[in-house]
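Asker: Input: one structure, supplied below.
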Amino acid sequence: SNSSHTPLCKASTSTDVELFVEFSIAVPSMILYGLFFVVYFKSFQLRSSYYLLFFVHSCINIVYFVSRALLLRVSSFSPLCQWVLDHFGHFEYTFTPLYFLYHYSQHAQALSIIAINVNRVVAIYFYNSFNMLHYTTYVLLFSLLFIPLPLTWHLLISPVKYIPSPPMIAMDYERIVNYPGLSILHLFVDTIATGVVAATSVLILAQMKSLQKRRKTNERSLIIVSLLLSFGLLMAATVQYLIHSLSRNSSAYYFVLNHRWIITNFVTLFPPWSLLLLSSVVRTEISSLLSISPPLPPSSRPLVPPPSTTIYRIITLRGISPRRGSTIRASALPTRKAVTLPLGVGEGENSRLHRFRGSIPVPPPTPSSHKYTLIHESTISNNNVIIEIEKSTSPSPRL
């Protein structure tokens, strides 16, 4: 008698082809995410607040894609579809944790895009305030991970079941507590995220003239990424509105529900490609990781071996409190030349950022030049800075 009430799955070969195309598109992006994770942990050039937020955003994207794939996409393949409906077509708690994770990561995804854009605004408007950028980053991280909890906690106590969504299947939940519908909550969050991203882009554009030429190009690239992400969020908000407003038994409702993967995959899988195209640092690190650096043309190949670098003296400055932009007196250095600390050095310095480049007000480097490297020694004392004096020597040409 139970089998007579079991809904029928209408998945077909065309459905399987569509799902196969979706996963084929996702595989290269997942590989690129993995390469970014490797270079993020290996390269100190990527240890900035922007890349930290982008790393968290990437993790959220992967969690969202995997939870959605396991919950709704794999189960829609024709060999599994009817079996899933037969065994999980009634309310139970088997897939409740995965269902919660799916909706939690979807909210966190939109909020992480807000965090990335707010970080750009803070970096531009408070460029000389390291503490402002440092603490704002962790406030944003806490917010994007905490705010989704009040929106999705009730799903942890709600049983779920699979339902037909011709030609695929979807999932529904039983409301244990009186809470707004999921489509309303997603529409609300996506709309706010779209507005904030648009507002931050305007704030960045307002400061474009005051930025240096090199930074201006970088910010323009980030604005393009922001606008594309904003467009994706706007489309996601539109889809959520249609899902909420259309009749659940209409063909239009099922069409929107089954094809919204085009929009969600754009928002989820686009970020690593944008970073690869717009960040020369990421491109260089990934190329180095894969050992695919292009060879020099014959006309520009050097006739001399690469310079050799040796450390010939190390001094320690004790009892000072290095601040960003401060100058070490010439009497403290062996070459008697003043050295200005770079902007990365300051109070409350992140312990991960432990190597910096110094700037020396001297004429252009000669074949034998000195390079100052500032190393923050947080393990000894917060007021200790070691300066390594490196001697770079270029050998004679070999003809």
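The values are calculated or read from the model by the stated rules, or taken from the named source; none is laboratory data. Please read these numbers as outputs of a predicted model, since none were measured by experiment. Cβ coordinates were reconstructed from backbone atoms using ideal geometry, including for glycine residues, and neighbour counts include every protein chain displayed.
Asker: Could you tell me whether region 221-233 includes any residue that is aliphatic (A, V, I, L, M), at pLDDT 80 or above and buried (at least 16 other Cβ atoms within 10 Å of the Cβ)?
Answerer: Checked region 221-233: no residue is aliphatic (A, V, I, L, M), at pLDDT 80 or above and buried (at least 16 other Cβ atoms within 10 Å of the Cβ).
Asker: Condition test on THR96, is it out of contact with any strand residue (DSSP E or B) (no Cβ under 7 Å at 6 or more places or on another chain) and of a type in the set (S, T, N, Q)?
Answerer: The answer is no for THR96.
Asker: Here's another thing I want to ask about it. Would you check which residues across region 78-94 are of a type in the set (A, V, I, L, M, F, W, C), surrounded by fewer than 22 Cβ atoms within 10 Å (Cβ to Cβ) and touching a residue at least 24 places away in the same chain (Cβ under 8 Å) and list them?
Answerer: Matches in region 78-94: VAL84, LEU85, PHE88, PHE91.
Let's see how each residue does on (1) at pLDDT 90 or above; (2) among the hydrophobic types (A, V, I, L, M, F, W, C):
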{"residue": "VAL84", "(1), (2)": "yes, yes"}
{"residue": "HIS107", "(1), (2)": "yes, no"}
{"residue": "ASN131", "(1), (2)": "no, no"}
{"residue": "PRO148", "(1), (2)": "yes, no"}
{"residue": "HIS186", "(1), (2)": "no, no"}
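Asker: I've got another one for you. Could you list, in sequence order, the residues of region 47-66 that are surrounded by fewer than 20 Cβ atoms within 10 Å (Cβ to Cβ), at pLDDT 90 or above and aromatic (Phe, Trp, Tyr)?
Answerer: Matches in region 47-66: PHE55 only.
Asker: For ALA193, state whether it is without any contact (Cβ under 8 Å) to a residue 40 or more places away in the chain, in the same structural domain as ARG260 (by TED's automatic domain parsing), assigned to a helix (DSSP H, G or I) and under 24 Å from TYR241 (Cα atoms).
Answerer: no
Asker: Okay, moving on. Can you name the condition, by its number, that LEU211 falls short on among (1) of a type outside the set (Gly, Ala, Ser); (2) at pLDDT below 85; (3) surrounded by fewer than 16 Cβ atoms within 10 Å (Cβ to Cβ)?
Answerer: Condition not satisfied by LEU211: (3).
Yes or no, residue by residue, for (1) assigned by TED's automatic domain parsing to the domain that holds PHE142; (2) closer than 22 Å to ASP16 by Cα; (3) small (Gly, Ala, Ser); (4) touching a helix residue (DSSP H, G or I) at 6+ places or on another chain (Cβ under 6 Å):
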| site | (1), (2), (3), (4) |
| --- | --- |
| GLY34 | yes, no, yes, no |
| LEU71 | yes, yes, no, yes |
| LEU80 | yes, yes, no, no |
| PHE100 | yes, no, no, yes |
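Asker: Is there a residue being without any contact (Cβ under 8 Å) to a residue 60 or more places away in the chain, loosely packed, with under 15 Cβ neighbours inside 10 Å and outside any helix (DSSP H, G or I) anywhere in region 113-127?
Answerer: yes
Asker: While we're looking at this one, here's another question. Checking SER291 against (1) more than 24 Å from ASP172 (Cβ to Cβ); (2) buried (at least 16 other Cβ atoms within 10 Å of the Cβ); (3) at pLDDT below 80, which single condition isn't satisfied?
Answerer: Only one criterion is unmet by SER291, namely (2).
Asker: Of all residues being surrounded by fewer than 18 Cβ atoms within 10 Å (Cβ to Cβ) and hydroxyl-bearing (Ser, Thr, Tyr) in region 165-184, which is modelled with the lowest pLDDT? Just the residue, please.
Answerer: Filtering first and then ranking leaves SER183.
Asker: Here's something else I'd like to know. Could you tell me which of the residues VAL84, VAL39, VAL74, VAL27 is under 16 Å from the mean Cα position of the chain (by Cα), aliphatic (A, V, I, L, M) and either in a helix (DSSP H, G or I) or within 21 Å of TYR162 (Cβ to Cβ) (or both)?
Answerer: Answer to the selection: VAL39.
Asker: Which residues, taken from region 87-101, are closer than 13 Å to LEU71 by Cα and part of a helix (DSSP H, G or I)?
Answerer: PHE88, THR96, PRO97, LEU98, TYR99, PHE100, LEU101
Asker: Within the set of pairs 6 or more residues apart or between chains, which connect a residue that is within 17 Å of TYR104 (Cβ to Cβ) inside region 158-187 to a residue that is of a type in the set (D, E, K, R) and surrounded by fewer than 18 Cβ atoms within 10 Å (Cβ to Cβ) with Cβ atoms less than 6 Å apart?
Answerer: If the second residue must be of a type in the set (D, E, K, R) and surrounded by fewer than 18 Cβ atoms within 10 Å (Cβ to Cβ), the pairs left are SER158/GLU174.
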